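The values are calculated or read from the model by the stated rules, or taken from the named source; none is laboratory data. Because the structure is a prediction, the values reported are computed rather than measured. Cβ sites come from the backbone with ideal geometry, for glycine too, and all protein chains shown count toward neighbours. The area values use the complete protein model at the heavy-atom level, side chains included, leaving out ligands, DNA and RNA. Shrake-Rupley method; radii C 1.70, N 1.55, O 1.52, S 1.80 Å.
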Amino acid sequence: MVKVKVEFMGGLDVIFNKQRMHQVLIDGGEVTIKDLIDYIVAEMISNKNDIGVFVENGTIRPGILTLINDADWELEGGEEYVLEDGDIISFTSTLHGG
Amino acid sequence: MVKVKVEFMGGLDVIFNKQRMHQVLIDGGEVTIKDLIDYIVAEMISNKNDIGVFVENGTIRPGILTLINDADWELEGGEEYVLEDGDIISFTSTLHGG
Amino acid sequence: GLEKEFPMSLEEYRRYGRQMIVEGTGGVEGQVKLRNARILVVGAGGLGCPVLPYLAGAGVGQIGIVDNDVVDTSNLHRQVLHDSTKVGMLKCESAKQVLNKLNPHVTVVTYPLRLDGSNAFEIFQGYDYVLDCTDTPLARYLISDVAVNLGMTVVSASGLGTEGQLTILNFCNVGPCYRCFYPKPPSPNAVSSCQEGGVIGPCIGLVGTMMAVETLKLILGIYTAKNFQPFLKAYSGFPDQTLRTFKMRGRQDSCECSGKNPTVTREAIESGEINYSVFCGSRDYNVC
Amino acid sequence: GLEKEFPMSLEEYRRYGRQMIVEGTGGVEGQVKLRNARILVVGAGGLGCPVLPYLAGAGVGQIGIVDNDVVDTSNLHRQVLHDSTKVGMLKCESAKQVLNKLNPHVTVVTYPLRLDGSNAFEIFQGYDYVLDCTDTPLARYLISDVAVNLGMTVVSASGLGTEGQLTILNFCNVGPCYRCFYPKPPSPNAVSSCQEGGVIGPCIGLVGTMMAVETLKLILGIYTAKNFQPFLKAYSGFPDQTLRTFKMRGRQDSCECSGKNPTVTREAIESGEINYSVFCGSRDYNVC
Ligand SMILES: [Zn+2]
Ligand SMILES: [Zn+2]
């Protein structure tokens with residue numbers, strides 16, 4: 001079991017009851033970010049029509065950045081990163097307005 | 001012995017060789033912020049003429065805020081607060097320009 | 001009646017529509033709060049220059065500007081609301097001209113005078129919030145003291161070099177005041193002005209822009225007596241841009257202004273019994 | 001000669017003195033760097049409005065402004081460099097008028113056109129740095145691609161609602177580009193414009209002001225190939241003002257523009273082989 005904080009920014013909180021920060025507990029031995037994404041889709045998106053805002057073709061939708069403790073997940077192994085207790089996983093939609 | 005980070009902001013770094021962040025090791029059992037201030041005055045201010053910029057009448061000069069892990073030291077016991085390993089102690093001069 | 005159904009003109013809907021639809025602004029209700037708000041800005045310098053147009057643009061109903069200084073070429077790198085054709089003009093008048101053109105719906109009132117204990121109460125009383133965009137400890141104590149005595153909340157900020165600080169004082173008459181943070185004034189020789197220390201235009205500009213955000217949040221009711229926590233924000237522009245939030249002490253019982261046994265009363269301020277020049281020391285602060 | 005001894009006029013010393021004395025600006029040498037700098041700002045909207053006067057105030061020698069849109073009342077709450085008397089005027093011309101009055105030492109060049117693959121190279125080539133103050137993914141990919149092909153560094157920012165983001169792209173031809181971060185464009189339906197989503201004036205204004213700070217740091221050499229670390233800054237204005245710094249991936253070997261085997265070449269862009277409208281999808285983005 002692992003206990004992490006999950007954060008939605010850049011307007012993504014809209015599909016999570018407008019709440020930016022969530023405490024998440026996931027059962028299992030080695031829980032990867034990929035598992036977390038599956039968990040979020042299955043358990044946290046209240047309106048199933050919103051799933052396409054978060055994932056596309058089985059992974060995070062293009063235009064969303066994923067951060068592990070404030071570092072780009074590409075620096076940490078991407079989807080295969082194994083969560084540790086206390087990690088903060090942030091998802092932020094890229095903004096385009098100016 | 002205690003190991004903390006000491007930070008000088010709001011222009012105070014000028015009297016610490018223009019370096020904002022310092023690693024500090026102090027010997028002793030219970031080391032308070034008061035001990036840290038004494039240590040800074042004795043060991044870290046290179047030009048002794050600058051001491052009055054940092055302390056006045058035996059304590060931090062009026063106009064300097066002291067923060068313990070980003071919280072006002074008044075919330076943490078002030079001068080008597082006992083340092084813990086990993087603490088970040090920040091001193092910032094109050095700015096007046098506008 | 002009609003006004004209840006259509007509390008704003010079509011032109012106002014058009015002008016403010018893009019901010020009214022933002023989550024948290026409260027839509028039409030929030031926009032009416034902005035229109036009813038009266039904000040006093042003390043200082044039309046490096047902090048006031050970005051604050052003023054964003055408040056006017058947002059549709060704040062009345063903006064007062066206190067400043068007795070005139071536009072100078074040496075200010076223009078950071079005081080970008082003014083311009084080279086206005087050198088020598090009162091800053092409050094220069095600012096008023098720009099704001100009137102930006103948004104004719106906003107009433108702009110100018111006070112071309114130096115704020116002191118004898119004139120501050122009368123000026124402050126016509127406003128809901130005061131923004132401290134000044135540049136001396138003397139002005140900062142005075143503004144906080146007057147606001148506490150009138151029960152007003154202050155957005156207070158400052159900057160020098162590449163750094164800046166921002167706080168909210170006397171929030172709802174329960175938050176800390178300037179004297180709670182700084183019971184003793186700094187020695188005059190420890191205070192640097194922008195004149196001496198210098199300042200980077202967009203660094204002080206960023207802090208002023210933050211003041212505008214805080215002011216909108218106060219007007220729109222984002223801060224409440226329940227959720228407000230005393231804070232001080234510290235911005236640094238060089239070498240990395242960072243913004244830190246420090247959790248600050250609450251209102252102090254021992255405070256001479258906002259505490260249990262206040263001596264910094266309206267009477268003491270207006271009569272000159274509280275002598276700010278003596279309190280802060282005699283050094284002549286350059287205007288910044 | 002005289003120019004070496006006195007590289008600036010007395011008026012310039014007076015105008016820039018308060019920033020020249022700030023630690024880190026490099027004094028006269030830094031001021032000459034600013035005067036020799038040519039900065040292209042694409043977009044004179046919510047981000048461009050604070051960027052432009054702070055760059056002009058600081059004494060940047062040449063400022064180019066690309067924008068083919070006209071001033072509209074619905075923009076004025078956030079685009080505070082313009083005003084109600086200029087509704088219908090080209091934003092680039094409106095901005096030029098303000099900058100010319102603010103600082104006559106600065107050369108302002110306007111490009112009242114829509115940036116595309118066929119005109120971007122010619123425009124960019126006259127400048128040292130490009131600031132992306134636009135509002136669509138299409139423009140963001142185009143600007144980054146052209147800059148990479150020309151070896152230029154980009155300061156790129158964006159905002160919506162009460163949030164904003166800022167990054168530096170293709171720093172010194174070693175940093176990541178927009179395509180390194182976003183190899184695939186977002187689906188058009190996932191993109192909100194300020195028109196639809198709304199925006200708070202000083203929130204987008206703060207991000208624009210941060211762009212001005214970053215630009216000064218680039219010109220003054222605060223960033224070096226040694227100390228530069230790829231980053232993305234995320235600002236949030238409501239309910240609490242915060243600024244986070246995310247450590248980002250470096251340049252990607254697999255990047256189609258800045259990688260080992262680039263297909264997004266100058267020829268492919270100029271010929272129209274790279275079709276940005278098709279790449280980003282056909283939805284019509286409203287100008288923001
Ligand atoms: Zn108090
Ligand atoms: Zn790339």
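Numbers at a glance
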| item | result |
| --- | --- |
| Residues satisfying the stated conditions in the range B:68-82, i.e. touching a Ser or Thr at 6+ places or on another chain (Cβ under 7 Å) and hydrophobic (A, V, I, L, M, F, W, C) | B:Trp73, B:Val82 |
| Scope the range D:138-165; condition part of a strand (DSSP E or B), among the hydrophobic types (A, V, I, L, M, F, W, C) and within 10 Å of chain A (Cβ to nearest Cβ); matching residues | D:Ala157, D:Leu160 |
| Residue list for the range A:56-82, filter: more than 12 Å from the chain's Cα centre (by Cα) and among the aliphatic types (A, V, I, L, M) | A:Ala71, A:Leu75, A:Val82 |
| Members of the range D:13-24 found to be under 15 Å from D:Val60 (Cβ atoms) and at pLDDT below 95, listed by number | none |
| Restricting the range D:183-197 to residues that are within 16 Å of ligand 2 (Cβ to nearest atom) and in contact (Cβ under 8 Å) with a residue 24 or more places away in the chain, the residue that is least open to solvent (accessible area, probe 1.4 Å) | D:Pro185 |
| Selection from the range D:153-167 of residues that are surrounded by 24 or more Cβ atoms within 10 Å (Cβ to Cβ) and within 13 Å of ligand 2 (Cβ to nearest atom) | D:Val154, D:Ser156 |
| Unmet criterion (only one of (1) under 18 Å from the mean Cα position of the chain (by Cα); (2) facing chain A (nearest Cβ under 8 Å); (3) small (Gly, Ala, Ser)) for D:Ser187 | (1) |
| Filter result for the condition that a residue is within 14 Å of chain C (Cβ to nearest Cβ), open to solvent by less than 60 Å² (accessible area, probe 1.4 Å), under 28 Å from D:Ala37 (Cα atoms) and touching a residue at least 12 places away in the same chain (Cβ under 8 Å), over D:Ile219, D:Ile200 | D:Ile219 |
| Residues satisfying the stated conditions in the range C:134-152, i.e. open to solvent by less than 10 Å² (accessible area, probe 1.4 Å) and touching a Leu at 6+ places or on another chain (Cβ under 8 Å) | C:Leu142, C:Ile143, C:Ser144, C:Ala147 |
| Residue count, the range A:36-84 (criterion: open to solvent by 40 Å² or more (accessible area, probe 1.4 Å), under 17 Å from A:Glu7 (Cβ atoms) and among the hydrophobic types (A, V, I, L, M, F, W, C)) | 1 |
| Qualifying position, being surrounded by fewer than 22 Cβ atoms within 10 Å (Cβ to Cβ), within 16 Å of ligand 1 (Cβ to nearest atom) and at pLDDT 95 or above, among C:Phe228, C:Phe238 | C:Phe228 |
| Some residue of the range D:119-134 being farther than 30 Å from C:Val71 by Cα and in contact with an Asp or Glu (Cβ under 7 Å, 6 or more places away or on another chain) | yes |
| Selected residue [in contact with a His (Cβ under 9 Å, 6 or more places away or on another chain) and among the basic types (Lys, Arg)] from A:Lys18, A:Lys5 | A:Lys5 |
| All helices (runs of 4 or more DSSP H) inside the range D:1-118 with 3 or more residues being in contact (Cβ under 8 Å) with a residue 40 or more places away in the chain | D:10-20, D:27-36, D:48-58, D:91-102 |
| C:Ser254 being hydroxyl-bearing (Ser, Thr, Tyr), buried (at least 20 other Cβ atoms within 10 Å of the Cβ) and within 16 Å of ligand 1 (Cβ to nearest atom) | no |
| C:Thr110 vs. criteria among the hydroxyl-bearing types (Ser, Thr, Tyr), open to solvent by 10 Å² or more (accessible area, probe 1.4 Å) and within 14 Å of another protein chain (Cβ to nearest Cβ) | no |
